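A quick write-up on the structure given underneath.
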Amino acid sequence: MATLTIARRLLTALRQRLTRRRHYAELRDYDPRLLRDIGLRWERGHLVAFDAESERVPETAQRRQRAETRDAHETCPRCGSRLT
């Protein structure tokens, strides 16, 4: 069972890597100005977006954490009712 799962995961990872490699090979031929128009750039051999979602994630995570801590102080830890 475990070997079947490992083999399936290896095949999936290999398939994804080959797909990404094929897509990147197509984009390598593009002019940097054309990539800029699309919103992409090459950085250290990796294709990255100018407005990457990963740059926005920490900001939203911070907001969510602040909201959770605020809610934690406004609710009773035992019963969950709102504190006034």
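Bear in mind that the values in this text are calculations on the coordinates, not laboratory data. Owing to the predicted nature of the structure, the values given are computational and were not obtained by experimental measurement.
Just to check I understand the Karplus step: with θ = phi - 60° and J = 6.51 cos²θ - 1.76 cosθ + 1.60, what whole-Hz values come out for the stretch 13-19, glycine and proline as x?
5, 5, 4, 5, 5, 5, 5
Residue-wise, which Karplus ³J(HN,Hα) couplings in Hz belong to the stretch 29-40, taking 6.51 cos²θ - 1.76 cosθ + 1.60, θ = phi - 60°, and x for glycine or proline?
My calculation for the stretch 29-40 gives 6, 6, 5, x, 5, 5, 4, 5, 5, 6, x, 10 Hz in order.
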